[in-house]
Amino acid sequence: MSDLMHLGYYTRELKKVLPEHYFEPLPRRALWMIPHLAVAIGGMYAVITTSWHGLIKFGIALLIGHAFACLGFLAHEILHGSVVRNPFLRNLLGMICFLPLNVGPKLWRKWHNVEHHGHTQHDDDDPDAMGTLEDYRERPALQVLYRIAPVLRSFLTFASFSFWFSFHSFLMWLRFMPEFKSRRERIVVALQFLGPVAFWIGFMIWVGPVNALYAYIIPVLTANFIVMSYIATNHLLNPLTHVNDPLANSLTVTTHPILDILHSNFSHHTEHHVFPAMNPAYAPALKRELKKRWPDRYCEMRHIDALLALWRTPRLYRDAGPHANQLIDPQRELVYPTVGHGLEPGPVTPTPLGSGEPASTAARPAAAPGRRTTGSEA
């Protein structure tokens, strides 16, 4: 870990060359709410008011879910202050966009903006980081999970994507509520969480169980899965780091340009962690600058390859110290590499615990010696 560089180093160097307007909000980005809300509301109206075949309604439900996910990505953009700076308007727009996923803006800014961005991939302080072998020994639930065959465990992990973002936000609500010191703050955080929950429960009662299935339940499961397919690849293939080095602890994934447009460039996650308050419209330009200045440190992978790597590797780190760049299956005593330390697209070959570093860390691609960029660079 001695080669890690703090976030501040990158920001100081980049601010010398990036245009000043990159650091200003882009209010016009809020207009993306219109098409996303139109698809969501129009789709909900269609499945509730028509007698179309269930398969057609299922297809519409998936479109609603994608619109929910797009709104979630836009909420993330808005609540970082990269669209509007006015706190009231920022929170109002963020609350509307996050309504389907039941996330309140005040909790999000504490959990995500402050804690996650301030302590990315720190084993103790990042609320989104995965556990270590020490956690495994202390948590019976993890011990049960790792007794399951790896293929089934991977299936369960991916199945959990369909609810994990909303469930994790509930856990974060419980975790951070005591840290809001004033009674007023706690009331606001509680209302911002319980209000959307009450709204959707009331909505589902009003439209009935079958309509609720197509208008909200399938869509919110779809939205969770889409959002988690990015979040899980953003960091969970990277090593734990005690120094907040975004080029070491974050991964940019490449996807179709149309999806980048609809998903607010959420794929550009290393860029986002370098400048969280920079509007993602500028992320591709920042990516080019990062790759030009630090080609040996920058990491990226095709989205599909990153998802396959998630499937093939466990979600547990060997430790948070000298082996923080290794994932481990404790039941089978197998060690797996992480991004930047040997994990590449394609089959992953683990190493038996105790036999030294994973073999794949010994060599890098001959065409780019020492390079930490993985997969497609498209």
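Please treat every number below as a calculation from the coordinates, not as lab data. Note that the structure is predicted; figures quoted are calculated from it, not measured. Cβ placement follows ideal geometry from the backbone for every residue including glycine, while neighbour counts extend to all protein chains displayed.
List of remarks:
- From least to most packed, judged by other beta carbons within 10 angstrom and beginning with the fewest, Asp296, Asp245 follow the order Asp296, Asp245.
- In nm, spacing of pseudo-spin labels at Trp52 and Leu89 (7 Å Cα→C-beta vector): 3.6
- Listed residues Phe203, Phe165, Phe193, most fluctuating in the chain (Gaussian network, C-alpha, under 10 Å): Phe203
- Computed about the Cα centre, the dipole magnitude for region 1-139 is approximately 820 debye when only Lys and Arg (+1) and Asp and Glu (-1) carry charge, each at its Cβ.
- Two tests apply to each whole DSSP H helix in the chain, Cα reach of 24 Å or more along its axis and mean Kyte-Doolittle hydropathy of at least 0.5, and the ones passing both are 54-79, 150-176, 183-207, 218-235.
- Sites Phe167 and Trp311, calculated FRET efficiency, Cβ-Cβ separation with R0 30 Å, nearest 0.05: 0.90
- Overall form of region 140-249 per C-alpha gyration tensor (a/c, 1.5; a/b vs b/c): oblate
- With at most 16 neighbouring Cβ atoms within 10 Å, loop GluC sites (Glu not before Pro) (DSSP) excluded, longest segment of the chain: 1-332
- Of the residues His323, Tyr146, Ile205, the one whose Cα sits farthest towards the positive end of the charge dipole of the chain is Ile205 (charges of +1 on Lys and Arg Cβ, -1 on Asp and Glu Cβ, taken about the Cα centre).
- Ellipticity at 222 nm from helices only: DSSP H runs of n ≥ 4 in the chain, each -39500 (n - 2.57), divided by the residue count, give -15500 deg cm²/dmol.
- Summed over all non-identical Cα pairs, the Kirkwood treatment of the chain gives a radius of 21.7 Å.
- Contact order normalised by residue count of the chain, Cα under 8 Å, 6+ apart, percent: 20
- Think of each Lys and Arg Cβ as +1 and each Asp and Glu Cβ as -1; about the Cα centre, that makes the dipole of the chain roughly 740 debye.
- Listed residue pairs exceeding 18 Å between alpha carbons, taken from Lys106/Lys287; Lys16/Lys287; Lys15/Lys106; Lys15/Lys110: Lys106/Lys287; Lys15/Lys106; Lys15/Lys110
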